[in-house]
Amino acid sequence: MITWYGHACFKVDNVLIDPFVPNPLCNLPYDEIMEGVDVIAVTHGHADHLGNTEELAKTYDVPVVTNHEISVYLSERGVNAEGMNIGGTIEINGAKLTMVKAEHSSDISPTISGGVASGFIINDRVYHAGDTGLFGDMELIGEIYAPQIALLPIGGRYTMGIDEALVAIELIYSEIVIPMHYNTFPLIEVDVNEFVKKAEALGVEVVVPKIGEPLNL
Ligand code: NI
Ligand code: MN
């Protein structure tokens with residue numbers, strides 16, 4: 001099951017990724033968002049991804065999987081955090097997470113480094129690209145992990161825009177693509193229908209989820 005909570009926040013099976021909730025697209029109650037969540041995964045340190053991780057992890061007593069630097073930061077604040085780095089895999093609470101490369105930054109604040117930004121392969125089938133520009137090694141990610149579903153940023157400015165995401169689709173070669181990281185703020189407004197049309201022309205199935213509505217994927 002995959003549920004979108006706006007921006008880059010998704011629940012994939014029992015993993016909640018990048019819990020920037022509430023956000024301008026999603027104001028659902030925490031109890032609903034955290035239902036069935038056994039792990040929180042965080043791709044990088046920016047506030048629109050690290051979001052309310054600390055509060056959610058403590059309130060619902062779930063571990064956080066993230067890069068080494070952010071895990072140290074969270075541990076110092078009393079969160080049960082498991083650190084890892086790009087190329088590694090962790091199996092925890094019935095979830096399998098592999099951390100993969102992203103081309104982006106990751107500072108938590110101007111004075112606190114958040115290590116290096118990442119994406120995740122979740123349960124061997126879903127690729128959450130995190131915040132990233134286009135990079136050629138997406139082809140390797142597609143080849144090695146063969147994800148059935150790719151969650152790709154399309155909002156531009158801070159990440160790939162539509163044109164770059166269309167190239168990413170051809171590199172990753174997943175069956176299904178779900179766009180993310182767009183229309184949350186005016187700076188990342190795009191016409192998602194343009195993306196859907198152009199991506200479908202490449203032969204992939206594109207799903208634009210409704211906020212909070214679980215998809216049987
Ligand atoms: Ni970011
Ligand atoms: Mn972001």
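The values are calculated or read from the model by the stated rules, or taken from the named source; none is laboratory data. Being a predicted model, the structure only gives us computed values, none of them experimental. Cβ coordinates were reconstructed from backbone atoms using ideal geometry, including for glycine residues, and neighbour counts include every protein chain displayed. When the accessible area is computed, the model is the full protein with side chains, heavy atoms only, and any ligands, DNA or RNA have been set aside. Shrake-Rupley method; radii C 1.70, N 1.55, O 1.52, S 1.80 Å.
Restricted to the range 113-139, and to residues there that are surrounded by fewer than 24 Cβ atoms within 10 Å (Cβ to Cβ) and hydrophobic (A, V, I, L, M, F, W, C), the residue that is farthest from ligand 1 (Cβ to nearest atom) is Ile121. Of the residues making up the range 90-112, those that are among the β-branched types (Val, Ile, Thr) and within 16 Å of ligand 1 (Cβ to nearest atom) are Val100, Ile108, Ile112. Among the residues of the range 47-73, just one is open to solvent by 60 Å² or more (accessible area, probe 1.4 Å), in contact with a Gly (Cβ under 6 Å, 6 or more places away or on another chain) and within 15 Å of Ser109 (Cα to Cα), namely Glu69. For the range 43-72, taking the residues that are within 16 Å of ligand 2 (Cβ to nearest atom) and either at pLDDT below 95 or not in a helix (DSSP H, G or I) (or both), the one that is farthest from Val21 (Cα to Cα) is identified as Asn67.
Per this entry, Thr3 is counted among residues that are more than 16 Å from ligand 2 (Cβ to nearest atom), buried (at least 21 other Cβ atoms within 10 Å of the Cβ), among the polar types (S, T, N, Q) and under 20 Å from Ile154 (Cβ atoms).
If you go through the range 140-182 and pick out every residue that is among the hydroxyl-bearing types (Ser, Thr, Tyr) and either touching a helix residue (DSSP H, G or I) at 6+ places or on another chain (Cβ under 6 Å) or away from ligand 1 (no atom under 16 Å from the Cβ) (or both), you end up with 4. Under the condition of being small (Gly, Ala, Ser) and either farther than 24 Å from Leu152 by Cβ or away from ligand 1 (no atom under 16 Å from the Cβ) (or both), the residues counted in the range 28-71 number 3.
All of Thr98, Thr89, Thr111 fail the test of being more than 16 Å from ligand 2 (Cβ to nearest atom), out of contact with any strand residue (DSSP E or B) (no Cβ under 7 Å at 6 or more places or on another chain), β-branched (Val, Ile, Thr) and at pLDDT 95 or above, apart from Thr111.
In the range 6-20, of all residues being open to solvent by less than 50 Å² (accessible area, probe 1.4 Å) and assigned to a loop (DSSP other than H, G, I, E, B), the one that is farthest from Gly155 (Cα to Cα) corresponds to Asn14.
When the range 21-46 is filtered for residues that are open to solvent by 10 Å² or more (accessible area, probe 1.4 Å), touching a strand residue (DSSP E or B) at 6+ places or on another chain (Cβ under 9 Å) and within 24 Å of His104 (Cβ to Cβ), only Leu25 remains. No other residue among Glu143, Glu175 is within 24 Å of Asn14 (Cβ to Cβ), open to solvent by 10 Å² or more (accessible area, probe 1.4 Å) and more than 15 Å from the chain's Cα centre (by Cα) apart from Glu175.
All of (1) under 17 Å from the mean Cα position of the chain (by Cα); (2) away from ligand 1 (no atom under 16 Å from the Cβ); (3) crowded, with 18+ Cβ neighbours inside 10 Å hold for Ala199 with one exception: (1). Just checking, which of Met84, Met1 is away from ligand 1 (no atom under 16 Å from the Cβ) and either touching a strand residue (DSSP E or B) at 6+ places or on another chain (Cβ under 6 Å) or modelled with pLDDT under 95 (or both)? Matching residue, one of Met84, Met1: Met84.
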